[in-house]
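All remarks here apply to the structure that follows.
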Number of protein chains: 2
Amino acid sequence: MSDVSAWRELFVATDARGLAHLAHAAGVAVGSLDQPSHGPRSSLTPAQLRAGVRALDICPPDGVDLNTVLDELGAAVWAHGVHPLDVACVAHLHPPSVVPAVVSELTIASSNQSMDSWDQSPAATEVELHLMDFLGTRIGFPASASGVMTSGGTASNLLGLTLARSWAASKIGVDVLTSGLPEHARTWRFLASNQAHFSVQRAAAQLGLGRDAVVSVPTDDTGAMDIVALDATLELLNGQGLVPVAIVATAGTTDLGAIDPASLIAQRARDVGAWLHVDAAVAGAFIMSERLRERLVGLELADSVTIDFHKLWWQPFNASALVVRDVERFDLLRVRSHYLDRGDELEGMVNLVGRSLDTSRRFDAAKVVASLRTMGQRTFAAMLEHLVDLAVYAASAIDASDDFELVAPVSTVSCVFDAPGRDADDLRRVQQELLADGVMVLGRTTINKRAALKFTFMNPLATSDDVDELLSVVAGRLRG
Amino acid sequence: MSDVSAWRELFVATDARGLAHLAHAAGVAVGSLDQPSHGPRSSLTPAQLRAGVRALDICPPDGVDLNTVLDELGAAVWAHGVHPLDVACVAHLHPPSVVPAVVSELTIASSNQSMDSWDQSPAATEVELHLMDFLGTRIGFPASASGVMTSGGTASNLLGLTLARSWAASKIGVDVLTSGLPEHARTWRFLASNQAHFSVQRAAAQLGLGRDAVVSVPTDDTGAMDIVALDATLELLNGQGLVPVAIVATAGTTDLGAIDPASLIAQRARDVGAWLHVDAAVAGAFIMSERLRERLVGLELADSVTIDFHKLWWQPFNASALVVRDVERFDLLRVRSHYLDRGDELEGMVNLVGRSLDTSRRFDAAKVVASLRTMGQRTFAAMLEHLVDLAVYAASAIDASDDFELVAPVSTVSCVFDAPGRDADDLRRVQQELLADGVMVLGRTTINKRAALKFTFMNPLATSDDVDELLSVVAGRLRG
């Protein structure tokens, strides 16, 4: 047998010596973030970045001192990341992280609880359940609500639509998880607006229905689902013998931030017996603001809701949730295993594997709870409202400018615009140049076949002066 | 507009002041792990844990000081976790974390790169690709290999089988992601041993084929797939007009650690035109040891391989990968989006969203690289070999004992046993008592309908003396 003592320092121990070692290493890791300032990103090319990274031998025969390793990664990697806290990082729903969440990652990883079974996460399981109840209450769900943490909005949407598929099958007496899609499934359709996130199509693909099973519902000028078009679509499907098994309402589309009218959609879902899933990955945080909550009216009528903490809750990746109005719906998913979730445990032991598409799963709920408790509701709401105000400000500045034209009104925290007299190639050139030069990480997308640029405001420290500056830089590049 | 300065301290900034603040908070977080020692877990009941956790108001109107929040979580949560570094924590494939990985979580979360698009993770994308190439080389794949990080073994298996499904469909001219499962899919079968992880069945369920589409192949006395039985199964399927679209070989089953004969299985897969997926979540780390690598012979013949860093690579959750022998196979999956992965970027920009079932995704590759580079290959291999030796030692001690009987020979790092003259209820009582009392987190499972107990050795600091002590404690409880 080996002498194990040589390995002791490698592992996180919670005795005094172990914690002192961990604290020291944590300090070195923080120090490795101290890199020459580069704006939103450095200007290295993919080839240059590759050369720097490939110079690191991932696993040499003998280990390298940890301080050296962390410093090397600092120089090769952290110096050349994208900085979401930079005011010129405005391309994506890519937030800067809050300190309570980041330092909680240390405790999450040290403790390394796994959320699949109670005997790998006893207290952690209770924290996740507590957070899910908190979300259920904020959403306005009945006491029957609960949920589960997922790895992202895409995974949450997939889980919601997996439940919807099982629900539809159960109504015709089929256990789809056991026997697969029945013949009747050829008639099943998911409805979502033409601005819905592409994860809805991916979910349909994954579930065996195919992307063609997603029926795209037209949107109005704001990018929100057109309810008259929804009614027409439902009628059309009915005439064709097709079954709307789920309707996805989006609360905050990816580009325009548009919020579908959930109340009206909920009525239709009820009328046709469809599962209502609300993808609130973007605007779900509005449940935390009295002023903004009313924009989500009807959210409480959903069967399942996607909440994405790594967007407007300022959590580092990954942290998301699927919340269901009735916890019993998870029974649709449940697969017992011989070694987990046996169903013969002591009173009160919950094995969350029964709710999840994952097995081993990190304790992301801890960082969310630490962050919300540190921020408090008033500060959280104020930061969120500031970002909405910033997007409105950007829209008014664009309206007042000769260089730009709004593509749609602002709904949430993004602002999509183009430039009169410029074509898609011009916009692409500007966006790629700004990215390559490390000047701005600007969004670029296509709305109704119209090429456009996009600001997404995720950083509450940004101000209206910063917006003016961003517009001025883009205008300058467009000219030339 | 709001005065944003009040919020500055909430966000991770990389200037001198921001880093000092982060380092201080990291120290407080580490300190919150300093809790009264409790062995593998505290003895609080689920109800007691719940009361402690529910006493925390998740989001009070005004925020609470961060130090206080971290201390509260320490007392309510971290004090009552399961401690994977405790030698009596032997139930699951649940590893203690290494320091380089844990402190890398700080940098991962601070930098908050998102792996879906290059413009959210420029250097990070290169690191993930470098790590995937390293894995491909170690596996013995050709230079065409690459891969992608996933959230866990379950997700890796799902991704591998998603590719297999698309591959099977493409051979009959069907784009299954677009048009859904064709009629012919009713004949599609996944083959896996009766000891394969339940995520294979879950993948089939998710993909619309249903768990019934997984054909269970009998195993030999070690728990490895019986190749004669595989041949018989393939012949039977052929006679029934059923199509083996994928064969899953397991390299390290969940309970017995058994390794299926990948070389022999690869021959059959080639003969019948099936995709070969190897679930090497458990024993994949053997690619790092000269002594153990030979047990994986044939791994290099797979189409896709699951590697699970949060098992025998001692990474905190989540960190896994799917490696494919030919990167072009990811084209089977690719869905372009308007705002990511447009295909018109500058030379060398890779958007990893095209390989993943996720969209936003954390930069877990960083912690794996930091850990491997710090440990070095020799130390890594020595720790792994020690765990295998420990399982062999446990088996010999069980063989020599009158209290216990081995259920199967040891293959990897687990040891499954029962007690002569005791029934399933006795074993359940002992396992639940030890868990409830906080004395031992012991595994319990069922092998071929035979109830059993299980040790899983994940902690390289454990010794043969510790194994003797564990057996003595279990024997005492069984008598008592």
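Assorted remarks:
- Number of partner chain Cβ atoms within 10 Å, mean per residue of A:190-203: 2
- For region B:375-479, the spread of Cα positions along each principal axis, largest first, Å: 45, 28, 23
- Neighbour counts of C-beta atoms inside 10 Å place A:ARG268, B:ARG373 in the sequence A:ARG268, B:ARG373, starting with the fewest.
- Residues whose placed amide H lies under 5 Å from that of B:TRP188, excluding near-sequence neighbours: B:VAL243
- Counting DSSP beta bridges with both ends in the protein assembly as shown, the antiparallel % (nearest 5): 55
- With a 10 Å cut-off around each Cβ of A:362-373, the average count of Cβ atoms from other chains is 6.
- Value of [θ]222 nm, deg cm²/dmol, for chain B, DSSP H segments ≥ 4, -39500 (n - 2.57) each, nearest 500: -13000 deg cm²/dmol
- Net charge, A:ARG189 excluded, C-beta distance under 14 Å - Lys, Arg +1, Asp, Glu -1: +2
- Teacher prompt: A:ARG8 distances to equivalent labels in other copies, 7 Å Cα→Cβ, nm: 4.4
- The same position A:ASP65 in the other copies lies at 3.7 nm from this copy, comparing label points 7 Å beyond Cα toward the beta-carbon, shortest first.
- Our note on the geometry: Cα centres of region A:134-170 and region A:62-118, 28 Å apart.
- Among the helices of chain A, those built from whole DSSP H runs whose Cα atoms reach 20 Å or more along their own axis and whose mean Kyte-Doolittle hydropathy is at least 0.0 are A:16-31, A:122-139, A:153-171, A:377-399, A:464-479.
- Label geometry 7 Å along the beta-carbon vector: B:ARG378 inter-copy distances in nm: 6.1
- Residue closest to axis [chain A; rotation mapping onto B; Cβ; Å]: A:GLY208, 1
- Which of B:ASP220, A:ASP437, A:ASP358 has the fewest Cβ neighbours within 10 Å, and the rest in rising order: A:ASP437, B:ASP220, A:ASP358
- Residue order, fewest to most surrounding Cβ atoms within 10 angstrom, among A:ILE307, A:ILE108, A:ILE398: A:ILE398, A:ILE108, A:ILE307
- Per residue, the convex hull spanned by the alpha carbons of region B:18-120 comes to 174 Å³.
- Cross-link partners of A:LYS367 among lysines, defined as those whose alpha carbon lies under 17 angstrom from its own and excluding same-chain residues fewer than eight positions apart: A:LYS311.
- The protein assembly as shown: Rg to Rh, with Rh as the Kirkwood radius over Cα pairs: 0.95
- Lysines whose Cα lies under 25 Å from that of B:LYS449, excluding same-chain neighbours fewer than 8 positions away: none
- Values of log10 I(q)/I(0), in the order q = 0.09, 0.10, 0.12 Å⁻¹, for chain B under a Debye, Cα-only, solvent-free model: -0.70, -0.86, -1.17
Every read-out reported here was derived from the displayed coordinates using simple, explicitly stated rules and does not represent laboratory data. Owing to the predicted nature of the structure, the values given are computational and were not obtained by experimental measurement. As a convention, Cβ positions derive from the backbone with ideal geometry for all residues, glycine included, and neighbour counts pool all protein chains shown.
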